[in-house]
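So the structure is just underneath, and the comments pick up after that.
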Amino acid sequence: MKEIILMTLSGHDKPGVTSAMSAILARYRINILDIGQAVIHDTLSLGMLIEVPKESESSPVLRDLLFKAHELQMTVRFEPVEEDAYESWVTEQGKSRHIITLLARRITSEHIARVAAIAAGHGLNIDSINRLSGRISLQQSGVDAHTKACVEFSVRGVPRDNRALREEFLHAASELDVDIAFQEDDVYRRNRRLVVFDMDSTLIEAEVIDELAKEAGVGDQVVAITESAMRGEIDFDESFRRRVALLKGLDASVLERIAERLPLTEGAEALVSNLKALGFKTAILSGGFTYFARRLQQKLGFDYVYANELDIEDGKVTGEVTGTIVNGQRKAELLREIAEREGVRLEQTIAVGDGANDLPMLGTAGLGIAFRAKPLVRQSADHSISTLGLDGILYLIGFRDRDTVV
């Protein structure tokens, strides 16, 4: 009868450990059923599940492995595995898998413990944990605006109650001031191809129409309408027309001054640069104005821009827009149109926005992300980022800091 043995090896990492141990197994024609290896702070943990054929004896193999481990100054342990237990384990390989991504300025043991406890409470088994963010020097005290930390959990199983799980993660994220994303680990997650963005309060840290309103002397009136619309309290088209109407008579030269002072959101330039370098298509789908979206396109290199055309006559804003208003439904339609044009499945798309009018496109995309959004939008979207900049999105699609090219 064949023997199945789990060998675990640990000790100071050095070149040649895996080679030396597997060479002994090869000499005895031992089959490796599974293998896994990790290194943390120069300490190696290597696991091999080996199958010793019934015509062979395990004793000489284990003896040679033990001697080699001693020679390498490593610790080795052997544990027999029942064949029935192995077969049961094999049947689990088709089980659903998910990725839990934990993002924060700095991750603590409390954050890890909370995420792990929630996962376990819903019957999810953690298979692996990986740090996607770069190492932080002990000389770097405190947390600053550029600090980023991300840990990714690969979990196996189906949640007992998917909605309750997401609610627990959302509550924990709010309480601990972290972001927690939970997504299915499928082929589409690893093959996103198109990313579309809202502009105002997403790519830029401002609402352009509010800035225009200040110049027109109607700032308070427009801000009140904007906030009501972003909370989903009034129809976007109606609120948009009311706000634009208040801009009537504004000198068009103001647009240039405002465009010059609009601040990019943290991580926007790094995110878009990396996406383009990696072959992604990018688009701005904005309920704001084309003039400002085009400026961003020139600066960051977006492939597509769809926004509202502010009507100007004789150097003055008329208080109207031309063409179809880019509202929430229109954003979702544009996402579908661009995806079809690029030959990309919707499951391979990402949408990023902050307002209620972004929810249709967030729900249409394969990965919808509410970015620094209002509470209503965070609760309605499947994923949200509030603690990091836009470049935190790279973590959600599995990129490590060392993978970035810009």
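Of all the criteria given as (1) of a type in the set (Val, Ile, Thr); (2) surrounded by 22 or more Cβ atoms within 10 Å (Cβ to Cβ); (3) farther than 17 Å from Thr147 by Cα, the one not satisfied by Ile397 is (2).
Do you know which residues across the stretch 328-364 are β-branched (Val, Ile, Thr) and either part of a loop (DSSP other than H, G, I, E, B) or touching an Asp or Glu at 6+ places or on another chain (Cβ under 8 Å) (or both)?
Result: Val344, Val352.
Checked against (1) in contact (Cβ under 8 Å) with a residue 60 or more places away in the chain; (2) part of a helix (DSSP H, G or I); (3) open to solvent by 90 Å² or more (accessible area, probe 1.4 Å), Tyr86 meets all criteria but (3). Contact map, the stretch 33-44: first residue open to solvent by 50 Å² or more (accessible area, probe 1.4 Å), second residue part of a loop (DSSP other than H, G, I, E, B), Cβ cut-off under 8 Å, separation 6 or more or different chains; pairs are Val39/Asp13; Asp42/Asp13; Thr43/Asp13. Among what's in the stretch 342-356 and is in contact (Cβ under 8 Å) with a residue 24 or more places away in the chain and open to solvent by 10 Å² or more (accessible area, probe 1.4 Å), pick the residue that is nearest to Leu271 (Cα to Cα). Among residues in the stretch 342-356 that are in contact (Cβ under 8 Å) with a residue 24 or more places away in the chain and open to solvent by 10 Å² or more (accessible area, probe 1.4 Å), the one nearest to Leu271 (Cα to Cα) is Gln348. On inspection, Leu359 passes the criterion of being of a type outside the set (D, E, K, R) and crowded, with 21+ Cβ neighbours inside 10 Å. Being basic (Lys, Arg) and more than 12 Å from Met74 (Cα to Cα) is the filter here, so list the residues in the stretch 1-35 that pass it. Selection gives Lys2, Arg27, Arg29. Evaluate the following for Leu271: is it within 19 Å of Gly389 (Cα to Cα), hydrophobic (A, V, I, L, M, F, W, C), in contact (Cβ under 8 Å) with a residue 12 or more places away in the chain and assigned to a helix (DSSP H, G or I)? Here the answer is yes, as Leu271 does meet what is asked. Within the stretch 272-286, the residues that satisfy the criterion of being open to solvent by less than 10 Å² (accessible area, probe 1.4 Å) and under 26 Å from Gln329 (Cβ atoms) are Val272, Leu275, Thr282, Ala283, Ile284, Leu285, Ser286. Within the stretch 291-308, if we keep just the residues that are assigned to a strand (DSSP E or B) and either in contact (Cβ under 8 Å) with a residue 24 or more places away in the chain or not hydrophobic (A, V, I, L, M, F, W, C) (or both), the residue that is most open to solvent (accessible area, probe 1.4 Å) turns out to be Tyr306. Can you confirm whether the stretch 365-387 contains a residue that is part of a loop (DSSP other than H, G, I, E, B), in contact (Cβ under 8 Å) with a residue 24 or more places away in the chain, more than 21 Å from Asp186 (Cβ to Cβ) and charged (D, E, K, R)? Checking the stretch 365-387: at least one residue is part of a loop (DSSP other than H, G, I, E, B), in contact (Cβ under 8 Å) with a residue 24 or more places away in the chain, more than 21 Å from Asp186 (Cβ to Cβ) and charged (D, E, K, R). Among the residues making up the stretch 274-290, those that are polar (S, T, N, Q) and part of a strand (DSSP E or B) are Thr282, Ser286.
Does the stretch 243-263 include one or more residues that are open to solvent by 20 Å² or more (accessible area, probe 1.4 Å) and either in contact with a Pro (Cβ under 6 Å, 6 or more places away or on another chain) or more than 20 Å from Tyr291 (Cβ to Cβ) (or both)? No: zero hits. For beta carbons closer than 6 Å, sequence separation of 6+ or different chains, a first residue in the stretch 1-22 that is open to solvent by less than 20 Å² (accessible area, probe 1.4 Å) and a second that is at pLDDT below 95 and not in a strand (DSSP E or B), the qualifying pairs are Ile4/Tyr86.
The values are calculated or read from the model by the stated rules, or taken from the named source; none is laboratory data. Quantities reported herein were computed from a predicted structural model and do not represent experimental measurements. A quick note on method: Cβ atoms are made from the backbone with ideal geometry, for glycine too, and the neighbour counts reach across all protein chains shown. Surface accessibility is based on the protein's heavy atoms, side chains included, excluding ligands, DNA and RNA. Shrake-Rupley method; radii C 1.70, N 1.55, O 1.52, S 1.80 Å.
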